Amino acid sequence: MTTNKDLPRIVPVGELTSYPPVDRWDDWTEYDAKAWPERVENHYRLIPTTCFNCESACGLLAYVDKDSGEIQRFEGNPEHPGSRGRNCAKGPATINQVHDPERILYPLRRVGERGSGEWERVSWEEALTDIGSRMGKAIREDRNDEIMYHVGRPGEDGFMDRTLKAWGVDGHNSHTNICSSGARVGYAMWSGYDRPSADFANARFILLLSAHLETGHYFNPHAQRIMEAKQAGAKIATVDPRLSNTASMSDYWLSCWPGTEPAMLLAIARLLLEWDAIDHEFMERWVNWKDSLAQRYPGRPQTYREFVEVLKEEYSGYTPEWATTECGLQPGQIEEVARHIAAAGHAFSSHTWRSVGSGNLHGWQGARTLQFLHVLTGSVGTKGGLSPSGWVKFKPQHWNMPPPHSRWNELLWPKEYPLAYHEMSILLPHFLKEERAKLDVYFTRVYNPIWTNPDGFTWLEMLKDEDKVGLHVALTPTWSETAWFADYVLPMGVSAERHDTHSYETHANSWLGFRQPVLRVAAERDGRTVERTYETNPGEVWEETEFWIDLSWRIDPDGSLGIRKWFESPNDPSRPVSVDEYYGWMFENSVPGLPEKASALSLTPLEYMRRFGAVEVEKDVYEVNVRPVADVEVDGDGIARCDGAPVGIAIGDEVVQGFKSPSRKLEWYSATMDDWGWHDEAIPGYQRSHVYWRDMDIAGNERILLPIFRLPTLIHTRSGNAKYLYEISHGHPLWINANDAEALGFETADLVRIETESGHFVMRAWATEGIRPGVVAASHHLGRWRLEDKTGNERWSSALVNVEEIDDGKWRLRQLKGIEPFTSDDPDSERIWWRDPGVNQNLAFPVHPDPISGMHAWHQRVKLVPAQPGDRYGDVVVDTNKSHEIYKEWLSMTKPAPGPGNLRRPLWLDRPVKPTPDAYRYTD
Ligand code: SF4
């Protein structure tokens, strides 16, 4: 029988069958469907930009109507190497964000009490002058650490790094320790690279560990390549306590107890060792086995064969039988998956990002033990295997880069967390509560910590207190729970309204994308001169790139602080650098091959990027570790250095690039972890989670709550303005296994009170077979709220609520009404038929910072009880005094700096806006 697989391919894998050819993008004609049977032509200018609705940065094509000058819709950009013309639902929904009738169109300044919701419209000039002069004063008074930039979704690479260096401010804060610090530490301790890049399309076996994998992180570029592999015969296993969309499409669903995943992975490692399904040539050459033996097993023979024996001994207890019980799996599953991995060899690919790494105490061992399987099988940097992300993520140079500063901000990099992969952002309100410091100017950029972070009422307390936060400036494309507590709300553009560059590890090729304000580009093609992007965006919506340039000018108007010089135009120092000058320099000088590609089409590199939206920089990036390096000096340890900095390693007669770890090899044993007090954790291992199932009263009413799975159609907090997406996704049930529901007396739609360590919340049960017994789950999307009826958050998605401090530090959020139709310029707002806004469960989670990675361990031990008298759907009650006590309990697990050499942090570990080495040392 002929199957689809046997049919001849009409188009090569990965290419669309039909899309507008690029040479017709300036005048693309379509017939007006509504005018049928008349043949009425519509003419569009198609302008590429980049989606901003998740990190993947897929290409979009804006269809700009040539008659009205408005954006009519968004489709995929076929010229984009990562997404190849495809998008998920969130890409085309950008059109909702552009035309959202509730969007913030002008800069606003608070006039009443902070949080009272009284605003006045101000000009950009007023806002810039006020904020800039306040920052200039702080810097003049050497209060640089009182300035903080806190980013949720950056969407750009390097621009803010440059800006903060120019200011001399160690104030970069991120969302990473509610997101991926756990996985980053697991990967970085092997290779120095903190992210993986899976070559899914060429894999023969794919192992996914995920709470939401491939429905969120690199969703579309990964998903399309996983499907290609599947079509070519690859098998897929998904590890997730919940039957996610990905698990349901997989060949194997492994529903581990949360936090036990490393035990399963080490059992697989044990089997690979037992079967000798090991790439010994790779291991002997690329694993730091000599250091491992010398430092951890000095009394044993110092040979590679002995190292393999050590591995067998270390993991001898991880039998498949033991791991099957420990993880709660079906007998035989572990062996079957291990056999596939052994058979796939170099074509074994995997991914983990949030999931185990972001759910659990010691969750970083998830990535550490997963990478171990790649090291054993030699599937590192291979076709169909797993590479470090840094090999494919292309980072162009930025124009006129300032040198690093020599400051160290203890609010972000506190002594208790010397190995934390990113800033300890979740602890900021607790540090301010302890009066460790205060903030004078605090920027939140596309970030909504009151809603997104754990312990949101503690954030609310912090933001209301003007002694702790002098000025809060929210840069945001939408209203948010956090923006409500700002002093300035500054409207920033969505993907079609701003400039930036980005590159991600979507596959084995390296590329650079360019986001651009499409109406500005259209205006300039029509011959208009545009000085600032807000002249062409809706209202006075601006973009961050120009905002930061102009703000920097206001911080130092006369240049006396030495800041202004970094932002002066290279052609006319009396004015700020323009975006054309800035990105024109980047594309001309730091993107290999781009000038030649542009010149072949008689374009400048900037014109090329404006025309195509992206450029491929390198194809088939594999085995970068064996690339030769030249003009280096090799030290006694075999490390090749250039100007003192490690750049490679001597192996045999060759000097090659290697990895970025201190040994330039893959570090099974991490001397860094050992030196900083974590001896047991220095090798891939398994430590029990804070939600270890045997420690819990599962026979009673205690359960493990998974609060972090994503829906493929929503975007953290930013999709509240996308009506298409909310029409698809608007329910927010508590997933509970049908057996558990029966045992606890719940039926679907019953109200359940979910008790956490610091409070409780109330939602409705959904009895399902799609989750393992003992575990309950609720998506981390949904639960948006607003404090005023007609503003403060989009009514497509939010509940009107009352927030009250019912006792000292005890807060209650109660929904007054759910989602309802409303009247606006968009007639669809009167057609809203969905009602459930969901529940802001994160408010009731105290902080759980892992003592090594700093990652917030999101999973919760909860008790499920029927709703109590007076409880209502959506109620959230929290005691912030209790949550502060829990913060202190977790703080007591840390092993503070200084480490060796009186260091605050190992010098080799990456961090954003890395200061000079002297800043790493305590001076007292
Ligand atoms: S995966 Fe979807 S949301 Fe993410 S960038 Fe691509 S189209 Fe946008």
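The values are calculated or read from the model by the stated rules, or taken from the named source; none is laboratory data. Just so you know, these numbers come straight off a predicted model, no measurement behind them. With ideal geometry, Cβ positions are generated from the backbone for all residues, glycine too; neighbour counts draw on all protein chains shown. Ligands, DNA and RNA are stripped out before the accessible areas are found, and what is left, the full protein with its side chains, is counted by its heavy atoms. Shrake-Rupley method; radii C 1.70, N 1.55, O 1.52, S 1.80 Å.
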Subject >> Qualifying position, being in contact (Cβ under 8 Å) with a residue 24 or more places away in the chain, part of a strand (DSSP E or B) and under 26 Å from Glu281 (Cα atoms), among Val655, Val617, Val621 >> reply: Val655
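Yes or no, residue by residue, for (1) surrounded by fewer than 24 Cβ atoms within 10 Å (Cβ to Cβ); (2) modelled with pLDDT under 95; (3) on the phi < 0 side of the Ramachandran plot:
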{"position": "Val310", "(1), (2), (3)": "yes, no, yes"}
{"position": "Trp322", "(1), (2), (3)": "yes, no, yes"}
{"position": "Gly332", "(1), (2), (3)": "yes, no, no"}
{"position": "Arg339", "(1), (2), (3)": "yes, no, yes"}
{"position": "Phe348", "(1), (2), (3)": "no, no, yes"}
{"position": "Arg354", "(1), (2), (3)": "no, yes, yes"}
{"position": "Asn360", "(1), (2), (3)": "no, no, yes"}
{"position": "Trp364", "(1), (2), (3)": "no, no, yes"}
{"position": "Thr369", "(1), (2), (3)": "no, no, yes"}
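Would you be able to say whether some residue in the range 104-125 is within 16 Å of the ligand (Cβ to nearest atom), under 30 Å from Asn220 (Cα atoms) and at pLDDT 95 or above?
no
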Original post:
Of all the strands (runs of 3 or more DSSP E) wholly in the range 455-558, which have at least 1 residues that are open to solvent by 10 Å² or more (accessible area, probe 1.4 Å)?
Top reply: 469-476
Subject >> Subset of the range 149-166 that is touching an Asp or Glu at 6+ places or on another chain (Cβ under 8 Å) and assigned to a loop (DSSP other than H, G, I, E, B) - its residue that is surrounded by the most Cβ atoms within 10 Å (Cβ to Cβ) >> reply: Gly155
Original post:
Which residues, taken from the range 168-183, are open to solvent by 10 Å² or more (accessible area, probe 1.4 Å) and modelled with pLDDT of 95 or more?
Top reply: Gly168, His172
Original post:
Which of the residues belonging to the range 290-334 are outside any loop (DSSP other than H, G, I, E, B) and among the hydroxyl-bearing types (Ser, Thr, Tyr)?
Top reply: Ser292, Tyr304, Thr324, Thr325
Original post:
How many of the residues in the range 912-924 are within 18 Å of Asp161 (Cα to Cα), open to solvent by 20 Å² or more (accessible area, probe 1.4 Å) and part of a loop (DSSP other than H, G, I, E, B)?
Top reply: 3
**OP:** Please enumerate the residues belonging to the range 98-121 that are farther than 26 Å from Asn802 by Cβ and in contact (Cβ under 8 Å) with a residue 60 or more places away in the chain.
**Re:** Val98, His99, Leu105, Tyr106, Pro107
**OP:** Among the residues of the range 395-413, count how many are more than 21 Å from Asn177 (Cβ to Cβ) and crowded, with 24+ Cβ neighbours inside 10 Å.
**Re:** 0
Subject >> In the range 29-70, residue farthest from the ligand (Cβ to nearest atom) [restricted to those that are open to solvent by 10 Å² or more (accessible area, probe 1.4 Å) and in a strand (DSSP E or B)] >> reply: Glu41
**OP:** Would you confirm whether any residue within the range 74-88 is within 16 Å of the ligand (Cβ to nearest atom) and farther than 16 Å from Asn220 by Cα?
**Re:** no
Original post:
How many residues, within the range 235-268, are out of contact with any strand residue (DSSP E or B) (no Cβ under 6 Å at 6 or more places or on another chain), among the small types (Gly, Ala, Ser) and at pLDDT 95 or above?
Top reply: 4
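Here's the yes/no breakdown for (1) in contact with a Ser or Thr (Cβ under 6 Å, 6 or more places away or on another chain); (2) within 16 Å of the ligand (Cβ to nearest atom); (3) of a type in the set (Ser, Thr, Tyr):
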{"position": "Ser503", "(1), (2), (3)": "no, yes, yes"}
{"position": "Asn509", "(1), (2), (3)": "no, no, no"}
{"position": "Tyr534", "(1), (2), (3)": "no, no, yes"}
{"position": "Asp558", "(1), (2), (3)": "no, no, no"}
{"position": "Tyr583", "(1), (2), (3)": "no, no, yes"}
**OP:** May I ask you to list the residues in the range 859-883 that are touching a residue at least 24 places away in the same chain (Cβ under 8 Å) and either assigned to a loop (DSSP other than H, G, I, E, B) or aromatic (Phe, Trp, Tyr) (or both)?
**Re:** His859, Ala867, Gln868, Asp871, Arg872, Tyr873, Gly874, Asp875
**OP:** Report, ordered by the first and then the second residue, all pairs with beta carbons closer than 9 Å, sequence separation of six or more or different chains, a first member in the range 324-340 that is over 21 Å from Leu376 (Cβ atoms), and a second member that is outside any loop (DSSP other than H, G, I, E, B) and open to solvent by 30 Å² or more (accessible area, probe 1.4 Å).
**Re:** Gly328/Trp693; Pro331/Glu321
Original post:
Out of the range 85-104, which residues are basic (Lys, Arg) and in contact with a Phe, Trp or Tyr (Cβ under 7 Å, 6 or more places away or on another chain)?
Top reply: none
Original post:
Taking the range 86-142 on its own, how many of its residues are more than 22 Å from Phe822 (Cβ to Cβ), not hydroxyl-bearing (Ser, Thr, Tyr) and not in a strand (DSSP E or B)?
Top reply: 31
Subject >> For Asp850: the one exception among (1) over 30 Å from Met696 (Cα atoms); (2) crowded, with 18+ Cβ neighbours inside 10 Å >> reply: (1)
Subject >> Restricting the range 687-740 to residues that are open to solvent by 30 Å² or more (accessible area, probe 1.4 Å) and of a type in the set (Phe, Trp, Tyr), the residue that is nearest to the ligand (Cβ to nearest atom) >> reply: Tyr724
